[in-house]
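Report on the structure given below.
The values are calculated or read from the model by the stated rules, or taken from the named source; none is laboratory data. All values derive from a computational prediction rather than experimental measurement. No Cβ is skipped: glycine too gets one built from the backbone with ideal geometry, and neighbour counts run over all protein chains shown. Surface areas here come from the heavy atoms of the whole protein model, side chains and all, with no ligands, DNA or RNA. Shrake-Rupley method; radii C 1.70, N 1.55, O 1.52, S 1.80 Å.
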Amino acid sequence: MPRPSRAALDAEIVDAATALFATRGYLGTSVREIADRVGYSKTGLLHRYPSKEALLVAVLRGPLTEFAALRATWAALPAGPERASVAAGDLVGLALRHRGALALLSHAGLPVLPDALAVLIGGADIGRHRAETLAALADPADIEATVRAELAVTGLVHTVAARQETPADDLRGPLLRAFRDAAGLTAVRDGGAP
């Protein structure tokens, strides 16, 4: 039987850490439990990931890298309903692809999260990332539209985190409709058409 590649082993470890962090919380999960889940010794796992915080960074790297790429895509689009529609669909898709990481961010105790996020996003620019996301959905000068966008994003994160067992295909349509309603994008539908 051929040995799995380094990338395959790392993916298995990250998947196990994501699942355990999402269900037991960051503080409630030990490195030993993650190692046991993938059939590694604790020492072997720590050779690949030197700390639990390094595992957290690995868990969040994929979703946050994808999120940064989406924000760049939205920034290239002209402001308006089409950009908001694209951003809404992208955010729902991202949330469904990374439910475990969202569960971790949503309701797990993460005392090291600010440091881990700073490593992943290149500094303490969390406010800028938040502002870019909201600007893709609403005119920053319109306080009501911005509040709606904030509620939509927060509701999306918490809903997806709470519905880990619901199949993504069953959630996609209702989530997108609810997200658009909460964000005040009810007149905008798939592909930007009213």
Open item on the list: Using a 7 Å offset from the Cα along the Cα-to-Cβ direction at both T65 and D181, what is the distance between the two label points in nm, to one decimal?
Closed with: 3.7 nm
Open item on the list: So with the 1.4 Å probe, I'd like the accessible area per residue for the range 1-104, rounded to whole Å².
Closed with: 50 Å²
- [ ] Calculate what fraction, in whole %, of the accessible area of the range 12-85 sits on carbon and sulfur atoms when a 1.4 Å probe is rolled over the protein chains.
- [x] 56 percent
